[in-house]
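Data block below; observations after.
The values are calculated or read from the model by the stated rules, or taken from the named source; none is laboratory data. What you see is a predicted model, and the numbers here were worked out from it, not measured in a lab. Neighbour counts run over all protein chains shown; Cβ positions are idealised from the backbone, glycine included. Note: accessible area is taken over every heavy atom of the protein model, side chains too, but ligands, DNA and RNA are not part of it. Shrake-Rupley method; radii C 1.70, N 1.55, O 1.52, S 1.80 Å.
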Amino acid sequence: MPICKSPIFLTILPLLTTGLSALAQTSDSPLAASDGQTVLPYAEQKYRGNVGTTYLNSDPPEFPAPVTAPEGAPNVLLILLDDVGFGQFSVSGGGVPSPAMDALAEEGLLYTRFHTTALCSPTRAALLTGRNHNVSGTGVITELATGYDGYTGIIPKDTATVAEILRQNGYITAWFGKNHNTPVYETSAMGPYDHWPNGLGFDHFYGFMAGDTNQLRPYLFENQTALGTPEEDDYYVSVDLADRTIEWLRNIEAIQPEKPWLAYLAPAATHAPHQAPQELIDQFAGQFDMGWDAYREQTYERQKELGIIPAESVLTGRPESLPAWDSLNDDQKRLYTRMMEVFAAYGLHVDQEVGRVLDYVATLPDADNTMTIYIIGDNGASAEGGFDGTLNENAFFNAYLMTTEDMLDRIDEIGTEMHFNHFPAGWAWAMDSPFQWTKQVASHLGGTRNAMLVKWPARYASDGETRTQFLHVIDIAPTILEAAGIAEPRSVNGTTQTPIQGKSFLDTLADPDAEEVRTSQYFEMVVNRAMYKDGWWAASLAFEPWDPVRGEFDPLTAEWELYNLDEDFTQASNLADENPEILAEMEALWWAEASKNKALPLDWRGAERFSAELTGKPNLAGDRTSFTYFGPLAGLPESSAPDLKNKSFSVTANVEIGDGANGMIFTQGGNTGGWAFYLQDGTLKTAHNYIDVEVFLVESDSSVAAGEHELKMDFAYDGGDETGGGGTVTLSVNGETVGTGTVERTTPFKYSLSENQDIGSDTGTPVTYDYTAPFVFEGTLETVVVDLQG
């Protein structure tokens, strides 16, 4: 049919074909990130050809071209271990074998003056954003967050992560392992998800949403979907994370091999619980009988011999509050040695599994253009096991220190899924050789100095060399961006950005004598403070890390120490008395930096900061006192569940069961502390686990018959205004009392960092080994109602 040529059509036709073209814009080739785009995301491309009335009289179509990374942009493998001391692994002179790390050091560079923040969530936020931890809203772990800008536990939108910048510049990104950077009250199935890994710039996430996890029974997520707890008999999370990372890399190679990738691998190790396969534990039998004092001396000598530390370095002394190994009795030595053997096996295990990822990456066609950054710890080794160690790290967070007598009869269970075990503070101090102190202590190098390995064969061939420039974790993000040829954005997703505070250390890869990258840096963690400036380090220790009880404190009158790191690698010589003017200048500089970086106000409270009720942290439970659940519900985080601590409460379930029924009705917590209400062979039971020190069990006098019933457990708290008090449990069936019993003490602040509330099953570890998880309820759960009585 001929085209109508009415006067009106002839008038508007030029507008259709040229006017639309003038309004549109596009590119003749894919957008290149190296063009210096500093506002993300890139503007959407529009067709700029001539558009006619049909495709026959229009220019050829063009699809919007994808953003591509700059030519030669490397893949990035970013690895971050957990709770590792400078003198722990053999790669930096320690006594725990690390053959995979050793091999990487021989092929790349070992950085011996790299620094973290002294605690996990803050280090991870600083790593991802390139800004100081307080500027990144993460001045402490998310569970201890307060309402001040530097301590919200929320990474702000004006500090976009390096993953988000790479993703919008042509990279594909993934995160495997630990996520301890989502506010605890946003980790439920209700989200919101903008602070989950997918909202922080990662296309893919597989791992756990907590500060730690049982190595054999983690509660896992893929992106925003809860996968639950693996039930394989031989499962270990380090193995799983390595498998998933390799699978993801294999899929990229098969589907889109030309696209560069960022893989962020954050294993749980070597954070508590210290758990490993028995065959690895057996390998270390007797290897640590020398004790922690001798271990430090041996490590110190190896570090000098390997050139890890200068030959003139001085080994720092043991804190007065820590016992000498020779002062211990035989039972203590036997228990503590066993704990160290398990820890060493745990460390070797994660080295092996990360080593499998390194080996796979080496087989890829673009292996030479893969930049590997391996940060050996997010802080120093952890002393949170207290003087004697513990079967349950969570006991420390509830201000309870276990004794040898609490643990000795369970020594053979250490390293299994039955306990959340943690070695003694003396071993943590030993792992941090040659420095003073441990994790949490940002004032001293034992808390903040971690080794780092870097390898990028395509650009730098410096095999087996050491670098000594002073670096901080905030320097990682800008280094990756410079390596990729990507500009730091001024705006991301509509939010003007706080400038990245880190500095690229790329020049140091090629030149061991490159100028210092970082000449000034503040440190603060739970009021342990330090200021570094041009080789000087001022330090103020607030509390010893193995003491969970924090009393009165005045930061304005606290003592400061002074070290010259250019001459004193290990912080062995306090020069405060000889240099009062320098010290005064450094202390004033710390206060200025703290104010500028949102590190104020200082807060030295201890275990009570875990309590949402005491600190005012948001909680999905809100001010409600009654909660109704309609049938089974798994995986509700403790921080989003009814707070059962230090109060009376009841759990009422309407059920239909058969004879001899079994299964979980309601549980909150696990073998680290918590409650369970369940049926076992028809008997109604309630158990409270007091931080793996004691389990209180109350059960009905007779079995519950088949049929429809109202089953209830009522706990009457008799502790008054005190925390951790006891009370009485009353069990009833259809309103008739069938059992009573006393719970002498209860967990006061936190049941777990990683266990959940479950209804109709137990997705984590059992509250009591009277039953075996998942212990799915046999029958029908109509409703479960939790009532809080205050």
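Observations on the structure shown:
- Whichever residue in the range 57-89 is among the hydrophobic types (A, V, I, L, M, F, W, C), more than 30 Å from THR117 (Cα to Cα) and in contact (Cβ under 8 Å) with a residue 24 or more places away in the chain and, among such residues, is surrounded by the fewest Cβ atoms within 10 Å (Cβ to Cβ): ALA65
- Residue list for the range 516-542, filter: in contact (Cβ under 8 Å) with a residue 40 or more places away in the chain and assigned to a loop (DSSP other than H, G, I, E, B): GLU516, VAL517, ARG518, THR519, VAL526, VAL527, LEU541, ALA542
- Filter pass, ARG318 being within 17 Å of ALA381 (Cβ to Cβ), open to solvent by 30 Å² or more (accessible area, probe 1.4 Å), assigned to a loop (DSSP other than H, G, I, E, B) and modelled with pLDDT of 95 or more: yes
- Identity of the residue in the range 575-588, farther than 10 Å from TRP536 by Cα and within 33 Å of the chain's Cα centre (by Cα), that ends up surrounded by the most Cβ atoms within 10 Å (Cβ to Cβ): GLU587
- Qualifying residue in the range 443-459 (condition: buried (at least 24 other Cβ atoms within 10 Å of the Cβ), part of a loop (DSSP other than H, G, I, E, B) and not charged (D, E, K, R)): yes
- Members of the range 82-109 that are of a type in the set (A, V, I, L, M) and either in a helix (DSSP H, G or I) or over 23 Å from GLN287 (Cα atoms) (or both): VAL91, ALA100, MET101, ALA103, LEU104, ALA105, LEU109
- Residue match in the range 123-138 (condition: open to solvent by 10 Å² or more (accessible area, probe 1.4 Å), assigned to a helix (DSSP H, G or I) and farther than 23 Å from GLY485 by Cα): no
- Evaluation of SER540 against (1) open to solvent by less than 10 Å² (accessible area, probe 1.4 Å); (2) in contact with a Ser or Thr (Cβ under 6 Å, 6 or more places away or on another chain); (3) under 30 Å from ASN75 (Cβ atoms); (4) of a type outside the set (A, V, I, L, M) (one fails), failing number: (3)
- Entirely in the range 197-269, the strands (runs of 3 or more DSSP E) that have 2 or more residues that are in contact (Cβ under 8 Å) with a residue 24 or more places away in the chain and either open to solvent by 30 Å² or more (accessible area, probe 1.4 Å) or farther than 30 Å from PRO156 by Cβ (or both): 225-228
- ASP351 being under 28 Å from VAL239 (Cβ atoms) and over 29 Å from the mean Cα position of the chain (by Cα): no
- Counted as qualifying within the range 658-731 are the strands (runs of 3 or more DSSP E) with 2 or more residues that are surrounded by fewer than 21 Cβ atoms within 10 Å (Cβ to Cβ), namely 694-703, 707-717.
- Screening ASP388 with (1) open to solvent by 10 Å² or more (accessible area, probe 1.4 Å); (2) over 14 Å from GLY85 (Cβ atoms); (3) assigned to a loop (DSSP other than H, G, I, E, B); (4) touching a residue at least 60 places away in the same chain (Cβ under 8 Å) gives one miss only, at (4).
For every residue, the table says whether it meets (1) part of a loop (DSSP other than H, G, I, E, B); (2) over 21 Å from the mean Cα position of the chain (by Cα).
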{"residue": "ASN619", "(1), (2)": "yes, no"}
{"residue": "GLY631", "(1), (2)": "yes, yes"}
{"residue": "GLY635", "(1), (2)": "no, no"}
{"residue": "ASN654", "(1), (2)": "no, yes"}
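- The single condition from (1) assigned to a loop (DSSP other than H, G, I, E, B); (2) touching a residue at least 40 places away in the same chain (Cβ under 8 Å) that GLY153 fails is (2).
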